[in-house]
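Worksheet: one structure, shown below.
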Amino acid sequence: MTLDPRVFRTVLGQFCTGITIVTTVLDGKPIGFACQSFAALSLDPPLVLFCPSKGSRSWAAIEHSGVFAVNVLGEEQQQTCARFGSREADKFAGIGWEPSKLGSPILAGSLAHVDCTVESVHDGGDHVVVIGRVHSLGEITGERPLLFYRGQYTGIEPDKTVPAPWRDDLEAFLTATSADTWL
Ligand SMILES: Cc1cc2nc3c(=O)[nH]c(=O)nc-3n(C[C@H](O)[C@H](O)[C@H](O)COP(=O)(O)O)c2cc1C
């Protein structure tokens with residue numbers, strides 16, 4: 001079956017996500033790219049995943065360095081996202097950052113960060129699925145996140161952030177290990 005790429009993007013664009021910048025350092029140079037395809041994967045062992053394009057220069061650098069940090073973007077970081085979503089030569093020009101424990105760049109203003117080593121890599125068509133082992137977690141700032149929806153940036157409304165009534169189930173999502181849970 002042949003799918004129209006525009007329809008594919010439009011339909012998949014109904015799925016709203018946060019945005020991250022995935023970073024590394026190679027030969028002393030900070031490198032990174034905007035990445036929507038990030039997810040928590042496993043609590044025990046602690047694993048996350050992201051899906052870079054096979055043509056991504058950042059992925060080539062991460063594959064070499066073997067380490068990466070995931071920076072979760074806040075609503076003030078639209079410009080940062082645009083920069084890291086481009087193919088600009090020096091995406092870090094004018095961007096404040098400091099190294100994580102494993103040496104990957106943590107961007108100033110990020111809501112949280114996850115410091116990882118590359119655990120395994122799997123084929124995913126024109127992308128790869130990268131599974132990372134989590135070595136440490138950064139402090140959280142409590143600011144509101146930057147979201148991506150229908151190909152545009154958006155955010156959450158402060159008065160919509162009420163606790164969900166099924167909070168206990170949400171907690172169980174990453175902690176339950178019984179046979180009837182998928183994780
Ligand atoms: C909001 C947003 C989300 C993105 N998510 C992904 C993603 O999940 N995977 C990916 O390969 N590229 C993603 N991109 C595109 C890359 O950031 C972009 O192709 C970048 O130029 C790659 O640069 P590089 O070649 O320096 O790695 C996203 C871009 C934006 C703006």
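For the chain, the mean residue ellipticity at 222 nm estimated from helices alone is -4500 deg cm²/dmol, where every DSSP H run of n ≥ 4 contributes -39500 (n - 2.57) and the total is divided by all residues, rounded to the nearest 500. For S120, what is the net charge nearby, where nearby means another residue's Cβ is under 13 Å from its Cβ and Lys, Arg count +1, Asp, Glu -1? For residues surrounding S120, the net value is -2.
Just flag the chymotrypsin sites (Phe, Trp or Tyr not before Pro) in the stretch 1-106 sitting in loop per DSSP whose Cβ has no more than 11 other Cβ atoms within 10 Å. It would help to have the intermediate numbers written out before the result.
Details: sites: F8, F15, F33, F38, F50, W59, F68, F84, F92, W97; in loops: F15, F92.
Answer by residue number: F15.
Computed over the chain with a Gaussian network model linking Cα atoms closer than 10 Å, the most mobile of L41, L12, L137 is L12. The relative contact order of the stretch 1-66, computed from alpha carbon pairs under 8 Å that lie at least 6 residues apart in sequence, is 27 percent.
Positive end of the dipole of the chain (Cβ unit charges, origin at the Cα centre): among P5, F15, S110, the Cα lying farthest that way belongs to P5.
Each listed q (0.13, 0.14, 0.15 Å⁻¹) maps to a log10 I(q)/I(0) for the chain from the Debye sum over equal C-alpha point scatterers, namely -0.73, -0.85, -0.97.
Are there trypsin sites (Lys or Arg not before Pro) in the stretch 56-135 that DSSP marks as loop and that have at most 13 other Cβ atoms within 10 Å, and which are they?
Values: sites: R57, R83, R87, K91, K101, R133; in loops: R87, K91, K101.
Taking the stretch 56-135 and a limit of 13 other Cβ atoms within 10 Å, the loop trypsin sites (Lys or Arg not before Pro) found are R87, K101.
For the stretch 40-148, state which GluC sites (Glu not before Pro) are in a DSSP loop and have at most 13 other beta carbons lying within 10 Å of their beta carbon. Each step should come with its number before you reach the end.
Working: sites: E63, E75, E76, E88, E119, E139, E143; in loops: E75, E76, E88, E139, E143.
Here the GluC sites (Glu not before Pro) that fit, given the DSSP loop and packing criteria, are E76, E88, E139.
Build a GNM of the chain with springs between Cα atoms under 10 Å apart, and of Q36, Q78, Q152 the one that fluctuates most is Q152.
Comparing V114, V128, V72 in a Gaussian network model of the chain where C-alpha atoms under 10 Å apart are linked, the largest mean-square fluctuation is found at V128.
With a simple spin-label model that places each label point 7 Å from the Cα along the Cα-to-Cβ direction, the separation between S86 and D4 comes to 3.2 nm.
Bear in mind that the values in this text are calculations on the coordinates, not laboratory data. In this text the structure is predicted, and so the values were computed from the model without any measurement. Note that each Cβ is placed from the backbone with ideal geometry, even for glycine, and that neighbours are counted across all protein chains shown.
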